[in-house]
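> Dropping a structure here in C-alpha cells format, bear with me for questions.
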Amino acid sequence: MNEPASTGIRTVSHDLPESPEFASFMARDWAPTPLPDGIRLPAADLTPARRARLSARFPGERLIVPAGELRVRSNDCDYRFRPHSAYAWLTGLTGEDQAGHVLVLEPDGPGGHEAVLHLRPRSPRTDNGFYRDRRYGEFWVGRRADLAEAERTTGVRCVPLTGLPPGRNAAEDHELATVLSELRLIKDPWEVGQLQLAVDHTTAGFEDVVRALPRALAHPRGERWIEGVFGLRARTEGNGTGYETIAASGAHACVLHWIRNDGPLDARELLLLDAGVETDSLYTADITRTLPLSGRFSPVQRQVYELVLAAQDAGIAALRPGARFRDFHRAAMRVIAEGLADWGVLKNADGEFHRRYTLCSSGHMLGIDLHDCAQARAETYLDGELAEGQVLTVEPGLYLQPDDETLPRELRGIGVRIEDDLVITADGARLMSGALPRTPDGVEEWMGTLLAG
Ligand code: GLY
Ligand code: MN
Ligand code: MN
C-alpha cells in the first residue's frame, strides 16, 4: 500500500507494497550512528557577528530567513537544492540537506535577538519514512544531523521544524532582503579567502579546458565538451559551477549568455569561455577568457581583443576605495567608444552609440551569489562608493554581431569578453585571477605550453 497523502511521506504509485512483517523487521536492530564530536562549520565562528549586524537593524522584530524549499523537476524528482545565500551567510549551513529549514531571529530583550534554527529532525528508524520517503527519508537522501549535533556544528539553538506561522508582508520582506544584500557587500577576510579558492579552482578548470581542446575540436558538439570538462573540475573541487557555463565558439560569443553550448568548435574562430567554480562554502568565481582555438589570434581577432583588454585595464585602474561603482564602467566604456571611433565604426566617441557593440555593464559584485548583493539599493551599490573588502568583476566586452551591417565584414561575428575578479584593498584593488594570462601574447604562450604538455 502507498502512504496516504496525509502522512507527508512521499511515495509513488510504483513503489512495491510492504507487509506488516516487513515493516516491523525494518524497524529494529539498527545501531546508533552519532556524528563525531568536534565537527564545526568553517564559518560558525563568523556567523554570530553577521547575525548581530542584522539584529541591530531590526530591533524588536521577528526575522525569518528560510533556506528555501525543494523544487520539483519532474514527478518525484527534485532539482538539486542549494540554500538561499542569506541563510548560508547567517548560519554557515550550505548543504543540500538544508531544504525547508528556517533561521528565526527572535526578539530577545532590548534591541537584541536570539537565533533559533528550525530543522527537520532525523528520520526515526521506528517510522517507515526513513526507507519509504523518497524526498526526505534518510535511506534515500542521506543522514541528517540531529538537533544536538546541529547545535554543536552551528553554535545556534536548534528546534524541530514544525509549521512556522507565515505572517509575511511583502514590503517588510523586501526591506529585509535589501538589508541582507547590503550587509553582504563587504567581505570579511575568510570570505575573501573562499573567493580566492573559487578563483584558483576556476584557473585549474580553464587549464583543463585548454588541454582538452584537441578532443573538443574533434567533437560535433565541442562547446558541450568544454562545458563538461569545466564542470568536472567544478564538481570535484567544489559544489559545482556557480552559474551555467558559457562556452561560445565563433559568433555564439556575441550572445551575452550563450548557455546552449550545442555548437561545434572551428579552429579559425575564438572560444569565449565564461565559467566559475563554486566552493563547498558556496562562494563563486566568475572569469571569462576569449581564446583563439588555433592557439594563435588572427590579426583582426587580436585587434578586437586588444581594444577589450585596454578597456579592462582602464576599468581596473579606476578601482579604489571611495571611487564610485559607476566609475570603472565609465572608464572602460570610454576606451571602447574611442576605439570604435578610431576604427571608423562610430563617427566619434560621444553619446551612447558604442553600446550597440557592448551592451552589458562592465562588472558586478561577486560573492555567494554570482550577481551578489543584487537587492542592495542604488545608493549603496550602483551609485555608491567602492570600499575595502568588496569583491567585484571587471568584464568589458565587444559583441560584434554577425548580421550588423554597420560593421566592416571582417569584424562581424567576433565576440570578446575578458573578465577578472578583484578585491578592493586599502589603496586600490588586487587582481585575484591574475594566474590566468590576459594579454594576447600571454594567452598564446599559456595555451602553447598547456597543449604541448
Ligand atoms: N556569466 C555572467 C556574468 O559574467 O556576469
Ligand atoms: Mn560577471
Ligand atoms: Mn561571467
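> Grab the helices (runs of 4 or more DSSP H) fully contained in segment 1-106, keeping just those with 1 or more residues being open to solvent by less than 50 Å² (accessible area, probe 1.4 Å) and free of Cβ contacts under 8 Å to residues at least 60 places away in the same chain.
Here the list reads 47-57, 85-91.
> Out of curiosity, is Leu232 under 27 Å from Asp403 (Cβ atoms) and out of contact with any His (no Cβ under 6 Å at 6 or more places or on another chain)? Before the answer, list the steps.
Numbers: under 27 Å from Asp403 (Cβ atoms): no; out of contact with any His (no Cβ under 6 Å at 6 or more places or on another chain): yes.
No; evaluated as a whole, the condition is false for this residue.
> Within segment 300-335, track down each residue that is touching a strand residue (DSSP E or B) at 6+ places or on another chain (Cβ under 7 Å), more than 18 Å from Asp421 (Cα to Cα) and crowded, with 16+ Cβ neighbours inside 10 Å.
Gln301, Val304, Tyr305, Leu307
> Does Ala253 satisfy the criteria of being over 19 Å from Gly413 (Cβ atoms), of a type outside the set (Phe, Trp, Tyr), open to solvent by less than 10 Å² (accessible area, probe 1.4 Å) and within 16 Å of ligand 3 (Cβ to nearest atom)? Write out each step before concluding.
On the way: over 19 Å from Gly413 (Cβ atoms): no; of a type outside the set (Phe, Trp, Tyr): yes; open to solvent by less than 10 Å² (accessible area, probe 1.4 Å): yes; within 16 Å of ligand 3 (Cβ to nearest atom): yes.
No, not satisfied.
> Another question about this same structure. Which one of these is under 26 Å from the mean Cα position of the chain (by Cα), within 16 Å of ligand 1 (Cβ to nearest atom) and among the small types (Gly, Ala, Ser): Gly389, Gly434, Gly415? Break it down into steps so the answer makes sense when it comes.
Numbers: Gly389 fails: within 16 Å of ligand 1 (Cβ to nearest atom); Gly434 fails: within 16 Å of ligand 1 (Cβ to nearest atom).
Just one listed residue meets the conditions, Gly415.
> For segment 99-131, what are the residues that are among the charged types (D, E, K, R) and at pLDDT below 95?
Asp108, Arg122, Arg125, Asp127
> Let me ask you something else. Report yes if some residue within segment 348-366 is within 16 Å of ligand 1 (Cβ to nearest atom), on the phi > 0 side of the Ramachandran plot and either of a type in the set (Phe, Trp, Tyr) or open to solvent by 60 Å² or more (accessible area, probe 1.4 Å) (or both); otherwise report no. Break it down stepwise before answering.
In the first step, residues of segment 348-366 are kept if they are within 16 Å of ligand 1 (Cβ to nearest atom); the result is 358-366.
Subsequent filtering for residues that are on the phi > 0 side of the Ramachandran plot retains 359, 363.
Keeping just the survivors that are either of a type in the set (Phe, Trp, Tyr) or open to solvent by 60 Å² or more (accessible area, probe 1.4 Å) (or both) gives 359.
Yes, some residue in segment 348-366 is within 16 Å of ligand 1 (Cβ to nearest atom), on the phi > 0 side of the Ramachandran plot and either of a type in the set (Phe, Trp, Tyr) or open to solvent by 60 Å² or more (accessible area, probe 1.4 Å) (or both).
> Count, please, the residues in segment 433-450 that happen to be within 16 Å of ligand 2 (Cβ to nearest atom) and either open to solvent by less than 10 Å² (accessible area, probe 1.4 Å) or without any contact (Cβ under 8 Å) to a residue 24 or more places away in the chain (or both). Reasoning before the result, please.
Residues of segment 433-450 that are within 16 Å of ligand 2 (Cβ to nearest atom), as a first pass: 433, 436, 438.
Subsequent filtering for residues that are either open to solvent by less than 10 Å² (accessible area, probe 1.4 Å) or without any contact (Cβ under 8 Å) to a residue 24 or more places away in the chain (or both) retains 433, 436.
Of the residues in segment 433-450, 2 are within 16 Å of ligand 2 (Cβ to nearest atom) and either open to solvent by less than 10 Å² (accessible area, probe 1.4 Å) or without any contact (Cβ under 8 Å) to a residue 24 or more places away in the chain (or both).
> Moving to a separate point now. Taking Lys187 and the conditions (1) more than 22 Å from Arg289 (Cα to Cα); (2) open to solvent by less than 70 Å² (accessible area, probe 1.4 Å); (3) part of a helix (DSSP H, G or I), which numbered condition does it fall short on, given that it satisfies the others?
(3)
> Now for a different question. Quick one: is Leu282 away from ligand 3 (no atom under 16 Å from the Cβ), open to solvent by less than 20 Å² (accessible area, probe 1.4 Å), more than 30 Å from Arg215 (Cβ to Cβ) and within 22 Å of the chain's Cα centre (by Cα)? Lay out the reasoning, then the answer.
Values: away from ligand 3 (no atom under 16 Å from the Cβ): yes; open to solvent by less than 20 Å² (accessible area, probe 1.4 Å): yes; more than 30 Å from Arg215 (Cβ to Cβ): yes; within 22 Å of the chain's Cα centre (by Cα): yes.
Considered against the rule, which asks whether it is away from ligand 3 (no atom under 16 Å from the Cβ), open to solvent by less than 20 Å² (accessible area, probe 1.4 Å), more than 30 Å from Arg215 (Cβ to Cβ) and within 22 Å of the chain's Cα centre (by Cα), Leu282 comes out as yes.
> Can you find, within segment 120-149, the residue that is farthest from the chain's Cα centre (by Cα) among those that are acidic (Asp, Glu) and open to solvent by 30 Å² or more (accessible area, probe 1.4 Å)? Please lay out each step first, then the result.
In the first step, residues of segment 120-149 are kept if they are acidic (Asp, Glu); the result is 127, 133, 138, 146, 149.
Then drop every residue that is not open to solvent by 30 Å² or more (accessible area, probe 1.4 Å), which leaves 127, 146.
Values: Asp127: 38, Asp146: 29 Å.
This residue is Asp127.
> For segment 219-242, how many residues meet the condition of being surrounded by 22 or more Cβ atoms within 10 Å (Cβ to Cβ) and part of a loop (DSSP other than H, G, I, E, B)?
2
> When you check Pro402 against the structure, is it touching a Lys or Arg at 6+ places or on another chain (Cβ under 7 Å) and either away from ligand 1 (no atom under 16 Å from the Cβ) or open to solvent by 10 Å² or more (accessible area, probe 1.4 Å) (or both), yes or no? Give the steps one after another, and end with the answer.
Numbers: touching a Lys or Arg at 6+ places or on another chain (Cβ under 7 Å): yes; either away from ligand 1 (no atom under 16 Å from the Cβ) or open to solvent by 10 Å² or more (accessible area, probe 1.4 Å) (or both): yes.
Yes, satisfied.
> So which pairs qualify, if the first residue must be in segment 285-301 and under 20 Å from His257 (Cα atoms) and among the hydroxyl-bearing types (Ser, Thr, Tyr), the second must be more than 16 Å from ligand 1 (Cβ to nearest atom) and open to solvent by less than 20 Å² (accessible area, probe 1.4 Å), the Cβ gap must be under 9 Å, and the two must be at least 6 apart or on different chains?
Thr290/Leu270; Thr290/Gln301; Thr290/Val304; Thr290/Tyr305; Thr290/Val443
The values are calculated or read from the model by the stated rules, or taken from the named source; none is laboratory data. The structure presented is a predicted model; accordingly, all values stated were derived computationally and were not measured. Note: ideal-geometry Cβ built from the backbone for every residue, glycine included; neighbour counts use all protein chains shown. Calculation scope for accessible area: heavy atoms of the full protein, side chains included, ligands and nucleic acids excluded. Shrake-Rupley method; radii C 1.70, N 1.55, O 1.52, S 1.80 Å.
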